[in-house]
Amino acid sequence: MSLLKKLEVPHEGGTIPDPWINNDIKPVETARRKWGFWTFNNYWVLINCNISTYMTGSSLIPLGLSWWQAVIAIVVGNVLASVFIVLNSLPGAYYHLGFPVANRYVWGMWGSQWVVWNRIFLSIIWYSFQAWVGGECVYVCLQAIWPSLEDRIPNHMPASTGMTTAEFVAYIIFMVISLPFVYVRPHNLQQLFYISATIVLVFEIVLLIWSLATMGSSGFGATMSSTTTSSGWMIAYGIISTIGSIAAGILNQTDYARFARRPRDAIYGQIISAALCAIASSVIGILVTAATQNRYGEALWNLPNLLSAVIETGGSRSRAAAFFGGVALIVSQIGVNVPGFDFAAIWPKYINIRRGAYLTVLISIAANPWKLVNTATTFITVLSSYSVFVGPMVGLMISSYLIVNQVKIKVPDLFVGNTDSIYWYTYGVNWRAVAAWICGVVPSLPGFVAYVNPNVSVPVGLTHLYYICFLSGMSISGAVYVALHYAVPDKRLQAFVNSAPPARQLMAEYREMYDDPDEVSNVEVAQGKVDI
């Protein structure tokens with residue numbers, strides 16, 4: 001018992017730890033609301049100008065899309081994604097609630113655990129993938145210094161692992177470099193975003209200029225010159241794949257929006273930059289790959305691979321350029337990987353954001369990222385396919401906040417783990433959310449199974465439905481959730497929504513409550529002792 005006591009998360013003011021709240025998941029007070037317009041803007045420059053977004057064309061063009069069809073899919077997909085990002089940011093921007101807590105009014109106090117665990121799974125896989133890519137960037141820097149790196153670090157890895165000892169050493173170096181940055185709390189990340197975003201933006205522009213200026217008479221490769229065109233359904237699938245690549249970010253964007261100084265900072269800081277940066281980075285990826293394809297004899301979509309080719313075919317100046325390019329990518333990868341939000345809500349009494357972040361780092365190694373990256377395009381496509389399950393979750397969050405709750409949230413009840421909370425529903429689970437989520441997922445499952453296993457044959461209509469799984473799942477789940485709440489309403493929730501003051505007044509009152517620790521303690525709020 002004494003050991004468990006020592007493991008409890010420290011709380012402000014010496015308050016007693018509560019199993020449903022800690023300082024990292026409570027509504028964000030003024031002192032931690034530091035993200036302005038430019039912080040959100042730079043956040044999306046960093047997120048959508050990274051290597052994964054740059055490689056978007058590597059998963060679209062092999063589908064059979066021409067370069068211009070891929071660009072159409074990229075533009076439409078990212079514009080839609082930006083709209084969903086902003087809509088799902090609203091609970092964070094106005095009530096300063098994080099993703100795990102916001103889902104309590106959607107799924108119920110215990111039901112929300114299902115969504116949080118799904119998001120934890122995604123974050124572990126994504127962190128693992130991004131960390132390995134960061135290791136590839138470290139490898140480029142080491143290779144630039146010692147071109148015979150593989151000889152200096154003899155390989156003792158079996159061929160089945162798909163990596164060499166030198167590559168694994170580079171991965172470990174990146175993980176170690178990242179650890180101090182993982183320690184920084186999210187509300188203090190502005191400077192990291194500013195620096196990382198500036199570096200990666202300059203790097204990609206310079207890379208584009210270099211590739212086009214040195215292309216010479218070799219011209220663009222087959223990536224651009226191909227005249228193959230695909231059907232409208234494949235373009236639709238390309239759009240959903242584009243949305244799917246950022247679906248996990250759409251799902252939990254309220255985790256970041258809660259740090260906004262003002263709601264409009266989160267809204268205007270994301271609505272344009274999220275789409276613009278993703279489109280620009282993806283198009284740059286297509287152009288650079290096409291411009292260098294004939295030069296290096298193959299389409300090098302992966303930036304570290306491209307920099308390695310520059311080292312192998314160039315002199316000392318090329319090595320120096322590749323080294324600084326590798327450094328720029330390392331900085332951007334560190335900025336991209338900010339884990340730990342969702343773990344903090346699983347066991348608030350024992351896990352905060354820092355502990356959750358280091359848990360994510362530790363567990364991510366077990367995901368064997370070296371195998372994931374060996375088939376990068378397949379990995380990105382499979383991760384995008386998780387839209388089958390994520391799209392309906394996003395639909396539930398948006399419809400619950402805007403329509404069912406009518407933008408009115410009883411914040412104290414989100415931290416009460418018993419029947420006193422209006423969000424307790426039925427034994428802690430909102431069965432309407434469960435039913436609506438299933439309705440959104442099931443129609444896309446046959447096409448999903450057939451895509452994963454080509455030996456399975458399904459009607460073409462079900463395949464087409466899978467091609468638009470994020471949009472169809474989100475729409476179906478959202479509609480069913482609203483219909484069930486109107487057909488079989490929860491009486492206590494409905495009474496609160498009907499009798500509560502206007503939403504703006506609610507927001508102001510709750511903001512004042514959590515901003516003034518002398519007025520009300522966290523435990524009083526968590527236990528429902530304060531009623532507004």
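The values are calculated or read from the model by the stated rules, or taken from the named source; none is laboratory data. Not measured: the values here are computed from a predicted model. Ideal geometry is used to build each Cβ from the backbone, glycine not excepted, and the neighbour counts take in all protein chains shown.
Considering region 154-171 alone, what residues qualify as being under 14 Å from Lys371 (Cβ atoms) and surrounded by fewer than 19 Cβ atoms within 10 Å (Cβ to Cβ)?
Answer for region 154-171, where residues must be under 14 Å from Lys371 (Cβ atoms) and surrounded by fewer than 19 Cβ atoms within 10 Å (Cβ to Cβ): Met157, Pro158, Ala159, Ser160, Thr161, Gly162.
Name, by its number, the condition in (1) of a type outside the set (Ser, Thr, Tyr); (2) at pLDDT below 95; (3) in contact with a Phe, Trp or Tyr (Cβ under 9 Å, 6 or more places away or on another chain) that does not hold for Ile74.
In the conditions (1) of a type outside the set (Ser, Thr, Tyr); (2) at pLDDT below 95; (3) in contact with a Phe, Trp or Tyr (Cβ under 9 Å, 6 or more places away or on another chain), Ile74 misses (3) alone.
Assigned to a helix (DSSP H, G or I) and over 30 Å from Ile124 (Cβ atoms), is that true of Tyr268?
Spelling it out, Tyr268 is indeed assigned to a helix (DSSP H, G or I) and over 30 Å from Ile124 (Cβ atoms).
Name the single residue, out of those in region 446-462 being of a type in the set (Val, Ile, Thr) and within 26 Å of the chain's Cα centre (by Cα), that is farthest from Tyr425 (Cα to Cα).
Going through the qualifying residues, I end up with Val452.
Test of understanding: among Gly297, Gly232, which residue is surrounded by fewer than 18 Cβ atoms within 10 Å (Cβ to Cβ), free of Cβ contacts under 8 Å to residues at least 60 places away in the same chain and closer than 30 Å to Trp146 by Cα?
Gly297 is the lone residue from the list that is surrounded by fewer than 18 Cβ atoms within 10 Å (Cβ to Cβ), free of Cβ contacts under 8 Å to residues at least 60 places away in the same chain and closer than 30 Å to Trp146 by Cα.
Would you check if Tyr194 is out of contact with any Phe, Trp or Tyr (no Cβ under 7 Å at 6 or more places or on another chain), within 30 Å of Ala31 (Cα to Cα), surrounded by 14 or more Cβ atoms within 10 Å (Cβ to Cβ) and among the aromatic types (Phe, Trp, Tyr)?
yes
Which residues, taken from region 496-516, are without any contact (Cβ under 8 Å) to a residue 12 or more places away in the chain, surrounded by 11 or more Cβ atoms within 10 Å (Cβ to Cβ) and of a type in the set (Gly, Ala, Ser)?
The one that is without any contact (Cβ under 8 Å) to a residue 12 or more places away in the chain, surrounded by 11 or more Cβ atoms within 10 Å (Cβ to Cβ) and of a type in the set (Gly, Ala, Ser): Ala508.
Condition first: surrounded by 14 or more Cβ atoms within 10 Å (Cβ to Cβ) and either in contact with a strand residue (DSSP E or B) (Cβ under 7 Å, 6 or more places away or on another chain) or basic (Lys, Arg) (or both). Now tell me which residues in region 449-495 satisfy that.
Arg492, the sole residue that qualifies.
Residues that are under 18 Å from Ser211 (Cα atoms) and modelled with pLDDT of 80 or more: does region 329-345 have at least one?
Checked region 329-345: at least one residue is under 18 Å from Ser211 (Cα atoms) and modelled with pLDDT of 80 or more.
Would it be correct to say that Phe389 is of a type outside the set (Asp, Glu), out of contact with any helix residue (DSSP H, G or I) (no Cβ under 8 Å at 6 or more places or on another chain) and modelled with pLDDT of 90 or more?
no
Does any residue of region 119-140 turn out to be out of contact with any Asp or Glu (no Cβ under 9 Å at 6 or more places or on another chain) and surrounded by fewer than 17 Cβ atoms within 10 Å (Cβ to Cβ)?
Checked against the condition, which is being out of contact with any Asp or Glu (no Cβ under 9 Å at 6 or more places or on another chain) and surrounded by fewer than 17 Cβ atoms within 10 Å (Cβ to Cβ), region 119-140 yields at least one hit.
Taking helices (runs of 4 or more DSSP H) that do not extend beyond region 111-210, which have at least 2 residues that are of a type in the set (Ser, Thr, Tyr) and touching a residue at least 60 places away in the same chain (Cβ under 8 Å)?
Filter on region 111-210 gives 112-145, 165-183.
Exactly one condition in (1) in contact with a Ser or Thr (Cβ under 7 Å, 6 or more places away or on another chain); (2) over 12 Å from Ile330 (Cα atoms) is not met by Ala131; state its number.
(2)
Among the residues of region 10-48, which ones are modelled with pLDDT under 85, part of a loop (DSSP other than H, G, I, E, B) and not β-branched (Val, Ile, Thr)?
Result: Pro10, His11, Pro17, Pro19, Trp20, Asn22, Asn23, Asp24.
Do you know which residues across region 306-320 are closer than 28 Å to Val71 by Cβ, in contact (Cβ under 8 Å) with a residue 40 or more places away in the chain and surrounded by fewer than 24 Cβ atoms within 10 Å (Cβ to Cβ)?
Matches in region 306-320: Ser308 only.
Please verify whether region 251-262 includes one or more residues that are part of a helix (DSSP H, G or I), surrounded by fewer than 17 Cβ atoms within 10 Å (Cβ to Cβ) and among the hydrophobic types (A, V, I, L, M, F, W, C).
No, every residue in region 251-262 fails to be part of a helix (DSSP H, G or I), surrounded by fewer than 17 Cβ atoms within 10 Å (Cβ to Cβ) and among the hydrophobic types (A, V, I, L, M, F, W, C).
Restricting attention to region 288-316, which residues are touching a Leu at 6+ places or on another chain (Cβ under 7 Å) and assigned to a loop (DSSP other than H, G, I, E, B)?
Listed by number, the list holds a single entry, Leu300.
Sort out which residues of region 426-448 are touching a Phe, Trp or Tyr at 6+ places or on another chain (Cβ under 7 Å) and buried (at least 19 other Cβ atoms within 10 Å of the Cβ), and write them in order of number.
Those that are touching a Phe, Trp or Tyr at 6+ places or on another chain (Cβ under 7 Å) and buried (at least 19 other Cβ atoms within 10 Å of the Cβ): Gly428, Asn430, Arg432, Ala433, Ala436, Val441, Ser444, Gly447, Phe448.
Test Phe84 against the criterion of being within 14 Å of the chain's Cα centre (by Cα), under 19 Å from Phe470 (Cβ atoms) and modelled with pLDDT of 95 or more, and give yes or no.
yes
Taking Val411, is it hydrophobic (A, V, I, L, M, F, W, C), under 29 Å from Val83 (Cβ atoms) and either in contact with a Phe, Trp or Tyr (Cβ under 7 Å, 6 or more places away or on another chain) or crowded, with 21+ Cβ neighbours inside 10 Å (or both)?
yes
Cβ-Cβ below 9 Å, separation at least six or inter-chain, first residue in region 387-400 and in a helix (DSSP H, G or I), second modelled with pLDDT under 95 and of a type in the set (Lys, Arg): which pairs?
If the second residue must be modelled with pLDDT under 95 and of a type in the set (Lys, Arg), the pairs left are Val390/Arg119; Met393/Arg119.
Among the residues of region 417-464, count how many are part of a helix (DSSP H, G or I) and modelled with pLDDT under 90.
Residues flagged as part of a helix (DSSP H, G or I) and modelled with pLDDT under 90 within region 417-464 amount to 11.
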